[in-house]
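The values are calculated or read from the model by the stated rules, or taken from the named source; none is laboratory data. All of these numbers come straight from a predicted model, not from anything done at the bench. Methodologically, a virtual Cβ is constructed for each residue, glycine included, from the backbone with ideal geometry; neighbour enumeration extends over all protein chains shown. To get the accessible areas, we keep the full protein, side chains included, count just its heavy atoms, and leave off ligands, DNA and RNA. Shrake-Rupley method; radii C 1.70, N 1.55, O 1.52, S 1.80 Å.
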Amino acid sequence: MKTAINEILKMSFDVLKLRRIQATVDENNARSIKLLEKCGFKYEGKLKNYETNHVTNTVKDMFMYSIIK
């Protein structure tokens, strides 16, 4: 997965000329957080009540990560 993300980042910065890419991740998903950090993403903060599950009528917090060229 790390290889795939790094290839997407390379294309996004080099071909698409993006300057910033961001990712939201469930605050309890330690494996995804670790993967983002290994790929160079930096933690920016906690998004309170960011995602709503309309089936269970619950909300959850998410973490914001980003990488800047």
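Tallying residues that are open to solvent by less than 100 Å² (accessible area, probe 1.4 Å), closer than 21 Å to Phe13 by Cα and outside any loop (DSSP other than H, G, I, E, B) within segment 38-69 yields 5. Assess whether Glu27 counts as being at pLDDT below 95 and surrounded by 13 or more Cβ atoms within 10 Å (Cβ to Cβ). For Glu27, the condition - at pLDDT below 95 and surrounded by 13 or more Cβ atoms within 10 Å (Cβ to Cβ) - is met. If only residues of segment 1-24 that are open to solvent by 50 Å² or more (accessible area, probe 1.4 Å) and of a type in the set (S, T, N, Q) are counted, the one that is farthest from Lys48 (Cα to Cα) is Thr3. Put simply, of Ile21, Ile67, Ile33 the only residue that is among the hydrophobic types (A, V, I, L, M, F, W, C), touching a Cys at 6+ places or on another chain (Cβ under 9 Å) and closer than 22 Å to Ala4 by Cα is Ile67.
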